[in-house]
Every structure is written in C-alpha cells, then in structure tokens.
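The values are calculated or read from the model by the stated rules, or taken from the named source; none is laboratory data. None of the values given here were measured: they were computed from a predicted structure. Don't worry about glycine lacking a Cβ; one is built from the backbone with ideal geometry, like all the others, and counts go over all protein chains shown. We work out accessible area using only protein heavy atoms, side chains counted, and drop any ligands, DNA or RNA first. Shrake-Rupley method; radii C 1.70, N 1.55, O 1.52, S 1.80 Å.
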Amino acid sequence: MTALIILLCIILITIVLVQIGKVTELTAQIKGEREVLRDNSKWNGLLSLIFLVIFMVGVFVSTWQYKNQMLGYGPHESASEHGIALDDMFFITLVFTGIVFLLTHIALFWFAYKYRWSENRKAEFISHDNRLEIIWTAIPAIVMTFLVVRGLNAWNTVMADIGPDEDAIEIEATGQQFNWIIRYPGPDGKLGARNYKLTTATNQIGQDFTDPKNWDDVVVGQELYLPVGKKVRVRILAKDVLHNFFLPQFRVKMDAVPGLPTYFVFTPIKTTSDYRNELRKYEEYNEPFDPADPTGPKRWEKFEYELACAELCGKGHYSMRRILKVVSQEEYDEWYRKQESYYLTQVRGKDEDPNKDKVLDVEILQRAKAFSESIKSAVESEDEEAKTLTLNHINFETGAAALTANSKYELDNLVTGMNAFPQIRIEIAGHTDNTGDPASNRELSQQRAAAVARYLTERGIDAGRLRSVGYGDTKPLGPNDTDENRAKNRRTEFTIL
Amino acid sequence: MAHVVSATETLEEKLTQELGFDDQFHEHHHGDKFQSNFLTTYIFSTDHKIIGRQFLITGIFWAIMGAAMSIIFRLQLGFPEADMAWLRPILGKWIMVNEQGIGKLDPEFYYSLVTIHGTVLVFFVLTAGLSGTFSNLLIPLQIGARDMASPLLNAFSYWFFFLASVVMFLSLFLSTGPFSGGWTAYPPLSALPQASDGSAAGMTMWIVAMALFIVSALLGGINYVTTVLNLRTKGMNMWRMPLTIWAFFITAILGVLSFPVLFSGVLLLMFDRSMGTSFYLSEIVVGGQILDRVGGSPILFQHLFWFLGHPEVYIIILPAMGIVSEVLSVHARKPIFGYRAMVLSILAIAFLSFIVWAHHMFMSGVNPFISNFFVVFTLIIAVPSAVKVFNWISTIYGSNFRFNAASLFGIGFVSMFISGGLTGIFLGNSAIDIALHDTYFVVAHFHIVMGIAAFFGMFAGIYHWFPKMFGRFMNETLGKIHFWGTLVGAYAIFWPMHYTGMAGMPRRYYDGGASFDAFRHFEDLNKFITVAAIVVFFLQIIFVINFFYSIFSGRKSTTKNPWGANTLEWTTPINAGHGNWPGNIPTVQRWAYDYGKNGEEFIPQYIPLREDEHDHGH
Ligand code: HEM
Ligand SMILES: [Cu+2]
Ligand SMILES: [Cu+2]
C-alpha cells in the first residue's frame, strides 16, 4: 500500500515537472531569446554561487564531522609502525589536493557566475597564454615529483622483506571460501612445507607431515595473538580463489593468490588494550557496544583488531572476519605455550599420518620428560598401586622376545630414572592377552621381561637391582573381550620394590 | 540576432558553392536507394547519424538497467533490515523469503547485480553509448565527410554491440544467475563454477557478450581512425580539427590497441574454463576438490585485464573531455583556452595510459619493486590532467557564458573531474593505496571521475547536439532541473564514500560491513547515500522522459546553427539525409574556435581568412 502511494506520488511529481517544463517553454517563446538568456544568466549564475558555497562548506563541515575516520587522525591512528609513514603521506596529499580542490572550484563557479551572459559583455578573444601555461604545468609537476619521491621512499621501506638474520615471527594466513586458516610455527620457529595435493578434510592446508618442521606447527582458533613491538612476517596464500589479507588498523593489505605465496611485514606498536584506551577518549566510542543494551559495555571496551578479506572471493566475501589480539610479550608467550601442535593432536597415529611407524624426536623428548616425572612420583609415593608403571612405548618383534629399535629410548629413559634414584630396585613384568596357548604365553612373557632386564644391564644397571617375571595372561588389566582391551592387557610393566 | 543568422546562412550557401568541394555527390546518389523504407532507414541503416542514434538509445536502455540494479543493491546496503519481498515479482527466487514473509536479497545475486552493473555501465553505456554515439554522429559531420570510411563495417559495429547486449541481457535469466565475480572478472573465481554459481553459465555468456562487444569496439574504432585520417575535407588539417574529433580519434586508437589484449585475456580464461588449460590456475583446492592445474598465474589475467582496463577509463573520459571542450567554448563564446595544450595533453594522457595499468595491482602480489615505475607514470598523468582543468576554467574566464543544460553539464563535468582526479593522486601513490585499495575510497574515486564525469559529458553532448540529431530541442527547464539535481545528488551519493573508505570499509560487502565492528557504524551514512541514489535515479527518469518526448514533440529547430557554433555539422540541413550535405562539401578555412574574434561573435570554419588574419590552426 505504501509502495503504491509512493509510486503515485512519483508519477504525480513527474507529471508536474513535465508540465512546468512545457509551460516555461511556451512562456520562453513568448518572451523571446534575449529575455530567456537573461533569465538563465540570472538564475543559473545565482545557483552557481549558491552551489559553490554549499558545496565548499559542505565538504569542510562533513570532513570535520568525519575527521575521526581520517587516516592518521584521532582514533584512526595507525597501530603499526609502517602505517605512520603512510598516514603522513595521506595527510600531505590531502593538504595539496585540498588546496587545489578549493581554488579550482572557486574559480570554476565564480567565473561562471561573473562572466554569465549579458547583452553588454563581449567575450574576450584569449586563445592561449604560454607563460601561464608553462607555470601551471610546472607547478603540478613539481608537486607530483615531491609526492612521488616521498611516497616511493615510504613504499620501498614498507614493502621490504625481512633480512635473513632479522628477529621476526613468521606466521601464515591461508584464505579459503569463506574463512582464514592461520598457522603459527612451533618452538622450532619454522613453518613446515605444504603441498596442495595433500589437502584433506583434516589436513586443510595440505601440510606435508613428512617434513619435521610441520610436526610442531599450530593452527590457531578464532583469535590470533601477536606480541607488541615485534616484527611479524605474514606469509599469505589462498586455496581456491583470490582473497586479500586486510588488517585495517595496521594498514596491512595483500592479496592471497592460489599458487603464489605473498607476504607482508609489519610491526604492531599498540596492544589491543592500548588501542582501547585511546578510543576511550572519543565520544562515539563511549556509546554502548550493543544499542539494544544501553547499560552494557561501551564500544571502546569491546574493541578488537579485525582481520577482513578485501578481494572479492564469492558470495561469502563479506564474512571472513577474524580477531587479532596484540598483547605484551609475556601474555603472548603464555598464550603461545598453550597452543598445541595440530599434527600431534589431530593427525598423529591416525590413518593419514605418514609417520605412523616412526617415533618422532619431539615425542621422544616429551616422553622422556613425562617418564622422569612419573618415576619420581612413583618413588615418592606411599601408595602400593602407584608403584607399578607401564612401559607404554616398548614393542617386541611379533612372536619373539627381541626388542624393536623403536623401543630402546623408553628403556633409556628407565636407565636414566634408575640412575637418578640409585637406591631403588624394580621388578619387570611381562603380560600377554588370552589368545593362544597359556603355557607358551607365559614363556614368551618371561622371555620378554628378561630381554628388558638384559638391555638394562647392558646399559650399566646393576643386575642385582632387577628382577624379571612373566605372568602370561594371568594378570589382565581388564576383560579380554575386545581388540582394544586385549591390546591393553599385552604390556610390560615395572614395579618399584 | 535573427537577421545575423540568416545572413550567415546565405553567406554559407554562397561560400559552399564557390569554395566547397564538389564530389559529384548529387549525380551518384539520387536520394539514397538503400534508405527507401523504414527498415533500411532506421534499423539496418548505414548512415552514421542513424547508427549514432542507435548506439545512444541502446546505451540509454542499458543505463536504465544498470541504474535500476544499483538501486536494488543500494537498498540492500542502506536498509539491510528492510523487507524486499515486494521485489519478488521481478527478481523471483533471488529474493529469499523466510517464514515471517520477510524477503532478503540473495548474496549471490547481490554480487551478480554489482557485476553486471559495473560491466554494462563501463562498456555498454560509457563506451558504446558515449563514444559510439558521438564518434558516429560527429566525426563525419565535423570533419566534412559524407559518412564513415566504411559505412557497412560501421553498421556491423552497432549490430555486434546489439548482439553483445542480447547475450548479456539473456544471461540475467539463467537459473544459476548472471556472472557475479565483479566487472574485473578476476580468475580463479571467474574460472571455477565450483567457486561461485555466477561463474557457471553466467560467466560463459559474459565472456561471449564481451567478445562480441570487443568486435564491435574494434570495427568502430578502425573506422573512426580511418575516417579521421582520410576523409577530412579540404583545408581540415589536423590542427584545425575541433577537440571533439581529436578526442574521438585518440580514443579510437586507444581502443584498437587495447581491446585485443582484453580479448586475448578472456579467450585464455575461456580455455581455462572449458579446455582444461592452466593459464591462470595453479594449486587450487575448491570445495574439497583438488584440481590438477599447476603453473598458471591469476596475476597474468590482471595484467591483461588492466592493460585494457586503464586505457578503457580514458576511452570513456576522453570523448567526454572532447565534448565538454567544444560545448564550453561554444557557450562561452570564446575560444577554448590553449587549444594546442589541450591536444598535447590528450596525446600525453593517451600515451601514459598504456604504462600505468599496474596501479590497479599494487596489492595483488606483483613484485613491489615494479610498482615504483607505475607510481611514477601514474602520478605524471596528473600533470596533463591538471593542464586540461586549468584550460577549461580559463575558457570560462573573460567569457560571455550562456547558461543552458549543455553548458551547465560542461561545468559539472569539470567539477567532477577535479574532485575525482584529485583522489586519484592518493591512490596512485602506492604507499597510500595500501590503506585505500579495494575500499569505498576507490569506489568514490572512480564513480566521480569516470562515472559521473563521463555521464555529464554525455549529457552535455546530448543537450547540445540534440537539435542536430532530431531537429528539435530538449526541454531546457527540465534539463536544468536535471542538471542541478544530479550535480548535488551525485556528490551526495559518492562524496561520503570517501569517509567510509578511509575507515577501511572494503568494497563489495553484501552486508555493508555489518559483521565488522570497524565498519558497521555507518548505517546513517549508508541510508543517506541510498536515498540520494533514489532521488538521482528519479531525476534521470525525468531526463529520459524529456529525451523521448522531445524527439517527437520538442520545440522544432528552425535554424541550421542554433548555438552559433563554428564547426561544420551546423552547415548541414536541419534534418540532413544520408550524405550530410545536399551539394558541395564545405571546405575549411580556419580553426574551429574563432569566437569573439575581430568583433564577430563567431566565425565558422568555412569562412575564408581575411588578408591580414592569423589562423590559429596550422
Ligand atoms: C589523476 C589521475 C588519476 C589517478 C592518479 C588515478 C589513479 C587510480 C588508481 C591508483 C586506482 C586504483 C585504486 C585501487 O584499486 O586501489 C584507480 C582506480 C580507478 N580509476 Fe583512477 N586515477 C586517475 C584518474 C582516473 C580517471 C580519469 C578515470 C576514468 C575516467 C579513472 C578511473 C578509475 C577506475 C574505473 C578505477 C577503479 C577500477 C576498479 O578497481 O574497479 N581514474 N585510479
Ligand atoms: Cu574475500
Ligand atoms: Cu587506472
């Protein structure tokens, strides 16, 4: 209904306008050409002046109104080091172009008004003026030279890649329809290799897990963190179509191109809370964050740095938001410590793990640490139960008592433990599940326990501190009903005596 | 004044008899046997004046389509919460209606609208509708030729454009929707139907339409260049050509040199889409599917696209500049200031426009070192551009300026070109472009400097040459309402976008940035812009009504040369037939800008120089 009324109004206005047009045309014919020209001069000359004034005032008032959006001004100062140079360039250009804008517009509309048609005026015959033309070619040329030199200086500094020995964090952003996958290097500080052909549902960015550099890499969740004051190199890639890694407050913007990694180097200079405290000074940031909740948190309190996509990538282009938190080095370290390797938590040991049959150095290190802690607590414990520990990572050749090569580091951990607590003695116990003949099970478990003891004595542990027994299937941890449970029952344990 | 005009008319007839060039036109053509019925006169015509009108009317059709699309997506941006169910009768399934009966614009279709809007306005309206119209109408008339060098190819040029229009139009009705990857059509998005519905059949039709369009542009361009070079009447040396002709001539050269590059670009894209090649594709996983394409580069397409794309923006603006130079000079009753500088700056801009294309690609992953060169050349363009602005302003200085719809749009053009050109200086400096690239600042820049400015040039041309095209005048009052309203309205639409752009608001966001804290506080501004857009759209409807009404019932033109202009088109009969001049072709004795010289208000080009007179074109 309202639509219909609006439509009718529009039609009505149109008819009125057309009628006005017709009538004025008729009166014009009566008035004659001169009179019409005079009227035109009067009214349009006036309108030129009015427009000039309104336009110039409007431009300056609205610029003042929106000054807080101006790059490098007020709450819109750059949060990165290089951004300052760029904001300065913006300001310098604004001053030059502002002057030209004002002067040319005044001249244009003022001249149109001043030299409006009149019977008594004769146009001057001025075809050109070489001196004037040289001057107004030279001045823009000089200004442009100045802008180019300054601009390129800034550009080449900003876009320089990090040097080989520079202290910087390198992280990786991969755009896909319609989100970002952000990867941090693990403690080795290096990002592992990728091959897009390895992409699967669990391996979203095609990490090549045969590359040890990948084993500790972290794929972070919704929020990414960066330490303030530290140089960051973002390696930028895309899986499917073009995207653009855009951090507005940091003046960081670079296309993500499938098949062609790009990068951007920047240094955050304001933490999220620094930035919030600056925003706090401005009225508009003291409005409620959620208009529906006027007593709730203010805008500045909820401010976050945001990552956006700035290259059309399909129908979800507008929604590729992520949050970036810039924090102190300590807070960053704390956050970083909590991050877990994607490979070790999500892929390790699964079917798609190319290293299923290998033990990784990281794991050996981790396990050594865990082992020394558990042996310590077992020694110190009063509880009988707690004195028995399972050697989780030793394996024997199938149906034989020979230790596999991969088992030895665990026993080395045990050697280290026994050296650390020279007073302890242990019993090594072999267990099997209930498949096969119980007598041969018992024998095999006995041999296996003995093999362990033998290895330990070869490593210099006094044989008197060791005892080995084979229990066969007589002491299961639980029922031998499933493959899983049977696997639990096949084990080698030691008990601190 | 009346008796002055008729005096020149008789003088004109006398001079054309005495000095004119007799090409035995009347003996060869007793009338034009190819223009004997309605169909051959108005539809399959080879007369450049008719073809010009065909380009204009097809252009107006697309301008209305493109503007209507922009209103729909502006509604989405200004009033994201509003119910759009009322658009269902037109848009059908592209309006998603939920259980409460609230209709929402499908994001995929939002992107289709933006894409088709950009494509048709840049190519179909501001290239074909502007350069196509006025090059056709004015080149033969102003240089004193009976028609184009090849009237037949000229007609083909229109009909290829027509075909391109048909294909593009039909693509709007595909069930997967028209192409939706932006007017720049960057792969891989445009190459992979898996990545976007619009990249399926919609993109195929987009490419076909563009290929047909390029054929049209080339046929037209070659014709314009040949005609200007070979068919100038006696005495019309290059330095006596009106600036319109210079602009059309250089525009045509730009088109002929750059459109083939776009053609190869989209051809390779076609191969990537349908023949399994990898010109633009490498290491892609899309929708969980690992593609077996390696070795291509998406950036290659951007180079090919912008090698046309940048000259293309000058293909759009140069004709407008030429028209405005002519219109301002005629109505200022004063020579264009610095004619030679105007020509030289056109040449400089045209040359430079071929070596700045990568300023669209500062952030695309090209080697940052390369950008140094493009920054230098880009900012050099500001110098000839500034020279042109100063010359237009100086043309008005000391004039006796007649205000009418044509000359007002001329002034509006200069204002828009200044405002938009100045923001180019920000963007051309790659360091600043880091912050501004692909934000609304760019949208503001190019709509003001190219979109609105070129439209203003086109309007100036239409109001000015309407009597030549249709033998009638457009309504002046409506024209002036159209001008002042559009001037204010266009600034109201695009000026605020500078502010959202500075805040970092990316372009091509379906929800206007609502999901980002940094961008979502511009609701009021977005509403304001949308309302302004609707008002401006309405004003254009007034123009369209004025245009079609005036064709049939406008005030009749009773004199050959209603504006008192110097150029040759005003020596043809009011409704000139095919061949333009019934008798001899007038010959040219002087440059086109002797306004206010020797105490005469104007001295047309066919008037011989006085003994002691200095000619400005030599
Ligand atoms: C002083 C002269 C000019 C300079 C220095 C300049 C510079 C630029 C730059 C650097 C860009 C890329 C911005 C970005 O995407 O980040 C750009 C975009 C654009 N310019 Fe200009 N420009 C100038 C004049 C013009 C003129 C005269 C036109 C057209 C008549 C024009 C039309 C465009 C268009 C259409 C785009 C955007 C294309 C797109 O991304 O969709 N510019 N300009
Ligand atoms: Cu995107
Ligand atoms: Cu460009």
Among the residues of the range A:148-174, the number that are within 12 Å of chain B (Cβ to nearest Cβ) and either among the aliphatic types (A, V, I, L, M) or in contact with a strand residue (DSSP E or B) (Cβ under 9 Å, 6 or more places away or on another chain) (or both) is 9
Note on B:Ile534: of the conditions (1) within 11 Å of chain A (Cβ to nearest Cβ); (2) open to solvent by 10 Å² or more (accessible area, probe 1.4 Å); (3) not in a helix (DSSP H, G or I), unmet is (3)
Select, from A:Thr267, A:Thr295, the only residue that is of a type outside the set (Lys, Arg), surrounded by fewer than 19 Cβ atoms within 10 Å (Cβ to Cβ) and touching a helix residue (DSSP H, G or I) at 6+ places or on another chain (Cβ under 9 Å).
A:Thr267
So A:Lys239, is it of a type in the set (Lys, Arg), touching a residue at least 40 places away in the same chain (Cβ under 8 Å), crowded, with 17+ Cβ neighbours inside 10 Å and away from ligand 3 (no atom under 16 Å from the Cβ)
yes
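Each row is one residue, and each column tells you yes or no for (1) more than 25 Å from A:Arg131 (Cα to Cα); (2) more than 14 Å from ligand 3 (Cβ to nearest atom).
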| residue | (1), (2) |
| --- | --- |
| B:Pro335 | no, yes |
| B:Gly338 | no, yes |
| B:Ile346 | no, yes |
| B:Phe354 | yes, no |
| B:Trp357 | yes, no |
| B:Met361 | yes, no |
| B:Asn367 | yes, yes |
I need the full set of residues from the range B:340-374 which are open to solvent by 10 Å² or more (accessible area, probe 1.4 Å) and away from ligand 1 (no atom under 15 Å from the Cβ), in order please.
B:Arg340, B:Ala341, B:Leu344, B:Leu347, B:Asn367, B:Phe369
Which condition does B:Gly295 not pass, out of (1) within 14 Å of another protein chain (Cβ to nearest Cβ); (2) in a helix (DSSP H, G or I), if it passes all the others?
(2)
Flagged in the range A:298-335 as open to solvent by less than 60 Å² (accessible area, probe 1.4 Å), away from ligand 1 (no atom under 16 Å from the Cβ) and touching a Pro at 6+ places or on another chain (Cβ under 6 Å), in numbering order, are A:Val326, A:Tyr332
Is there any pair linking a residue in the range A:294-319 that is more than 10 Å from chain B (Cβ to nearest Cβ) to one that is away from ligand 3 (no atom under 16 Å from the Cβ) and not hydroxyl-bearing (Ser, Thr, Tyr), with Cβ under 6 Å and at least six apart or on different chains, and which?
A:Pro294/A:Pro288; A:Gly296/A:Pro288; A:Gly296/A:Asp290; A:Pro297/A:Phe289; A:Lys298/A:Asn286; A:Trp300/A:Arg276; A:Trp300/A:Leu279; A:Trp300/A:Arg280
Which of the following residues is facing another protein chain (nearest Cβ under 7 Å) and closer than 30 Å to B:Ile336 by Cα: A:Asn120, A:Asn130, A:Asn44?
A:Asn44
With (1) free of Cβ contacts under 8 Å to residues at least 60 places away in the same chain; (2) more than 8 Å from chain B (Cβ to nearest Cβ) as the list, and A:Asn68 as the residue in question, which single condition is left unmet?
(1)
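If you go through the range B:175-230 one residue at a time, how many are over 30 Å from B:Pro140 (Cβ atoms) and not in a loop (DSSP other than H, G, I, E, B)?
The number of residues fulfilling the criteria is 11.
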Within the range B:603-618, residues being open to solvent by 10 Å² or more (accessible area, probe 1.4 Å), more than 10 Å from every other protein chain (Cβ to nearest Cβ) and touching a residue at least 24 places away in the same chain (Cβ under 8 Å) number 6
Could you tell me how many of the residues in the range B:506-531 are under 21 Å from B:Pro107 (Cα atoms), in a helix (DSSP H, G or I) and open to solvent by 30 Å² or more (accessible area, probe 1.4 Å)?
2
Checking the condition away from chain A (no Cβ under 14 Å), modelled with pLDDT under 95, within 16 Å of ligand 1 (Cβ to nearest atom) and farther than 24 Å from B:Leu152 by Cα, which residue from B:Gly309, B:Gly235, B:Gly276 passes?
B:Gly309
For B:Val544, indicate whether it is in contact (Cβ under 8 Å) with a residue 60 or more places away in the chain and over 30 Å from A:His317 (Cβ atoms).
yes
Cβ contacts < 9 Å: first residue over 16 Å from A:Glu493 (Cβ atoms), restricted to the range A:440-452; second residue surrounded by 18 or more Cβ atoms within 10 Å (Cβ to Cβ), any location; separation 6+ or different chain. Result?
A:Ser440/A:Gly472; A:Glu443/A:Gly470; A:Glu443/A:Gly472
Checking the conditions here, which among B:Gly554, B:Gly599 is surrounded by fewer than 22 Cβ atoms within 10 Å (Cβ to Cβ), of a type outside the set (A, V, I, L, M) and on the phi > 0 side of the Ramachandran plot?
B:Gly599
For the list (1) modelled with pLDDT of 85 or more; (2) in contact with a strand residue (DSSP E or B) (Cβ under 6 Å, 6 or more places away or on another chain), I need the number of the one condition that A:Ile394 fails.
(1)
Looking at the range B:348-366 only, could you name the residues that are within 14 Å of A:Met254 (Cα to Cα), outside any helix (DSSP H, G or I) and away from ligand 2 (no atom under 16 Å from the Cβ)?
B:Met361, B:Phe362, B:Val366
Give the residue that is nearest to B:Gly181 (Cα to Cα), with candidates limited to residues of the range B:115-150 that are modelled with pLDDT under 95 and open to solvent by 20 Å² or more (accessible area, probe 1.4 Å).
B:Ser150
Touching a residue at least 12 places away in the same chain (Cβ under 8 Å) and more than 7 Å from chain A (Cβ to nearest Cβ) - does that describe any residue in the range B:396-404?
no
Single residue of the range B:151-187 satisfying the filter (surrounded by 21 or more Cβ atoms within 10 Å (Cβ to Cβ) and touching a Pro at 6+ places or on another chain (Cβ under 6 Å)) that is farthest from the other protein chains (Cβ to nearest Cβ):
B:Ser171
So A:Lys369, is it open to solvent by 50 Å² or more (accessible area, probe 1.4 Å), assigned to a helix (DSSP H, G or I) and either at pLDDT 80 or above or not hydroxyl-bearing (Ser, Thr, Tyr) (or both):
yes
